[in-house]
2 protein chains.
Amino acid sequence: MSKRVTAKQVAEELNISIMTVSRALSGSPNVDHRTKEKVIETARRLGYVPNQIAKSLALQKTDTIGVVVPEITHSFFPEAIRGIEKVTYSAGYHLILTHSAENAEREMDALKTLAAKRVDGILISTAESVTDYDIYSDIMNLKIPTVFYDRCVMGIGASCVCVNDKHGAKKITEHLIEHKYKKIAHLCGPLSVSIGRLRLAGYKKALQDHNLVFSEDYVVESGFHEDGGFRAMDKLLDLPEKKRPRAVFAVNDPAAFGAMKAIFKRGLSIPQDIAIVGFSDDIRAELLPVPLTTIRQPAFEVGKKAVEKLIGHIENEEEKIDKIVIDTEIIIRKSCGCN
Amino acid sequence: MSKRVTAKQVAEELNISIMTVSRALSGSPNVDHRTKEKVIETARRLGYVPNQIAKSLALQKTDTIGVVVPEITHSFFPEAIRGIEKVTYSAGYHLILTHSAENAEREMDALKTLAAKRVDGILISTAESVTDYDIYSDIMNLKIPTVFYDRCVMGIGASCVCVNDKHGAKKITEHLIEHKYKKIAHLCGPLSVSIGRLRLAGYKKALQDHNLVFSEDYVVESGFHEDGGFRAMDKLLDLPEKKRPRAVFAVNDPAAFGAMKAIFKRGLSIPQDIAIVGFSDDIRAELLPVPLTTIRQPAFEVGKKAVEKLIGHIENEEEKIDKIVIDTEIIIRKSCGCN
DNA sequence: TTGTACGCGTTATCAA
DNA sequence: TTGATAACGCGTACAA
């Protein structure tokens, strides 16, 4: 941050006070239009750029929203960010982006940074490796308006914007059931993360509603990434052939991609030997050798709704704490056995 | 930004001065370890979070880097951001993300915002629609350290980190020439953007080196997005059948994706009727019905190198202005006619 | 080891 | 319409 032109210098140049400069530039009505013009002209000539830092300190407002992203390369998140960015831009807010890299410690760091930078509000999607919610409570105690998006923590007094995870998971599991598969496994996410818990619940509910037995052996934790999906599927494939699942519901598409690789590696076919479905509708899902049946999450919409809610909290004390659920859509392709 | 605990309150709680609190918390050596412990304990108990805004104002340093991204959903950029983020995190900097959405006006806005927020440095990749470079000069005049990444503006005194665009373009065009194609078209980017200019130059050079005639009719501007690629290809396909190109080099993969759609829509086959190659190695490139031959750009590396250089400029006045060129790799798949 | 005074650049407030 | 002063919360420099 190098030495730069200040309002003081503009004022001295014109032999007027700093306040007049400030007023002229911020469009205050109580300023002679002749002096106003002079100020504007001089400011431009001198290359004056108002210091937002000083303004933020004086006004106790940064016009900035902090965003915590668990994994920037998951196609869901760039799309969500685009939604977030569109709204913040037109509302006159700016974005500080932090990346937790699915790591709880880095997430804590990110949150502390955002608190220290006095962002007006925080948008967060929890990291894969979170185990306790203390840090979120700390943020809530600081009274920083916070909205969870996609991966939420309920019951700590923050608004949430997510998709109908349980319903979607149930629906896509039921789709597998319609295909007459009996032995259906689930590659699940960590239970400390909302979407991990809810999608597992939807899977269980589907089995239960259709009188299929639930077996612990058929639930393997994969995490949210491709490599975890590969390892988890490998474990299922190690089961004696008779016990081997006939279909798999992966907690998200990247995990499904990994699982597909594990299946192909054993020389098995999808869906002939094993059917598989995912969740998220990654941009790659439709392009795979066997296009993936999945649940589409409107990422842009999730991001958009989340900031809108957050800005509500920031600008209006009375804004109610809400849980906003966005509908998903099942996208049927071939990996489930259709066509 | 709500009322929050300050160092003053911590000091009053302990009947000591603010400075002692400041010193204790910033790990200054000249402070009794007993008082230090008390301060730390009290700070935690009161939920004190040091105000970075105030600190930034006092120290004239924000420890923040501003990033301008043209299109967050292009797979190149999230990957570049990941590289940027990794370095900034370990170097103790934070990231303000702005999105120009390929729009010159929004880019200008973003730059002004970053200047006003007194970021320590700026990382920028120019928007598709830029026509003049005045705004960049303004930033340079403000003496804000700036590094261009991927899409660069040379000769205005800023460092650049890019890939060997011209060389890569030449190489992949030559690959088409090796396939004995004579009529090779180019879907080009805007010439006001470095990569648009350079990739066109590489294409021209390849033709020239192999004694193929260059025709203006074979260069159609597509921009960097899928829809532009579709439209540009459509134009080429409207040429009388005799003049129709036999192969196409698209300025980037998204444009190539659009072009492929246009080709398929006419009932033509790739590569039998028309061969096509791209540039960037989008994550979808290998998954397409006809996998796309392309040039791989190490996005993570570009991002990483760019911040490293930027941090050099920020922390060391003497840092030389550089143009860092990163090697690319040709990825041969099937859309070119191989296999 | 601890404390006091001042500055960072802006805006709000009150006075002229 | 304009100006002087205080305040925002911290760190530097110097004094005790």
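Odds and ends about this structure:
- Residues A:ILE331, B:ILE18, ranked from the fewest to the most other C-beta atoms within 10 Å, line up as B:ILE18, A:ILE331.
- Of B:ASP120, B:ASP273, B:ASP227, the one that fluctuates the most in a GNM where chain B has Cα springs shorter than 10 Å: B:ASP273
- One chain, two ends: A:LYS112 and A:GLU317. Fully extended at 0.36 nm per residue, the span grows by 71.5 nm beyond their Cα-Cα distance.
- Kirkwood estimate for the stretch B:173-321, i.e. one over the average of 1/r between Cα atoms, Å: 16.2
- Whether the stretch A:52-129 is rounded, prolate or oblate, judged on the alpha carbon gyration tensor where a/c under 1.5 counts as rounded: oblate
- Look at the stretch B:98-109: the mean tally of other chain Cβ atoms within 10 Å of its residues' Cβ atoms is 2.
- In the stretch B:7-50, Cα pairs under 8 Å separated by at least six residues give a relative contact order of 40 percent.
- Placing unit charges on each Cβ (+1 for Lys and Arg, -1 for Asp and Glu) gives the protein assembly as shown a dipole about its Cα centre, and among A:GLY228, A:GLN272, A:ALA285 the Cα reaching farthest toward its positive end belongs to A:GLN272.
- Shielding by partners - mean other protein chain Cβ count within 10 Å, residues of B:282-295: 2
- As a length-normalised measure over Cα pairs under 8 Å and 6 or more apart, the relative contact order of chain B settles at 16 percent.
- Inter-label distance, B:SER90 to B:GLN208: 4.2 nm, where each label sits 7 Å from its Cα along the C-beta direction.
- Sorted largest first, extent of chain B alpha carbons per principal axis (Å): 90, 38, 30
- Extreme residue, positive dipole direction of chain B, given options B:ILE40, B:ALA80, B:LEU111 (C-beta unit charges): B:ILE40
- Proximity of backbone amide H atoms, modeled 1.01 Å from N, is registered between B:THR293 and B:GLY278, B:ARG333, B:LYS334, B:SER335, B:CYS336 at under 5 Å, excluding neighbours fewer than 5 places apart on the same chain.
- Amide N of the stretch A:168-203 lying under 17 Å from the label point, which is placed 7 angstrom from the Cα of A:LYS243 along Cα→Cβ: A:183-187
- For chain B, built as a Gaussian network whose Cα springs stay under 10 Å, the top-fluctuating residue of B:ARG44, B:ARG197, B:ARG82: B:ARG44
- log₁₀ of I(q)/I(0) at q = 0.13 Å⁻¹ - the stretch A:7-50, Debye sum with one point per alpha carbon: -0.20
- Note on B:LYS235 and A:ILE332: with the Förster distance fixed at 51 Å, the Cβ-Cβ geometry gives a FRET efficiency of about 0.90.
- For A:VAL219, distant residues with modelled amide H under 5 Å away: A:HIS186
- Neighbour-count ranking [beta-carbon atoms within 10 angstrom, fewest first] of B:VAL68, A:VAL87, A:VAL251: A:VAL87, B:VAL68, A:VAL251
- Of B:LEU268, B:LEU25, B:LEU288, the one that fluctuates the most in a GNM where chain B has Cα springs shorter than 10 Å: B:LEU25
- Cysteines in chain A that lack a partner Cβ within the 4.7 Å cut-off: A:CYS162, A:CYS188, A:CYS336, A:CYS338.
- Label distances, nm, A:GLU241 versus same residue in remaining copies, Cβ-directed 7 Å point: 5.4
- With R₀ set to 45 Å, the beta-carbon distance separating B:ASP227 from A:GLU12 gives a calculated FRET efficiency near 0.30.
- A Cβ-based charge dipole, computed about the Cα centre of the protein assembly as shown with Lys and Arg at +1 and Asp and Glu at -1, lands at about 400 debye.
- DSSP-defined antiparallel bridges as percent of all bridges, chain B, nearest 5: 10
- In terms of surrounding Cβ atoms within a 10 Å radius of their Cβ, B:MET260, A:MET108 rank from fewest to most as A:MET108, B:MET260.
- Cα convex hull of the protein assembly as shown - mean projected area over all directions, nm²: 35.6
- Each part gets one Cα centre, and for the stretch A:224-284 versus the stretch A:13-70 those centres are 58 Å apart.
Rule-based calculations on the coordinates, nothing more; no lab input. Every value quoted in this text rests on a predicted model; they were computed, and no experiment measured them. So basically every Cβ, Gly included, is an ideal-geometry build from the backbone, and we count neighbours across all protein chains shown.
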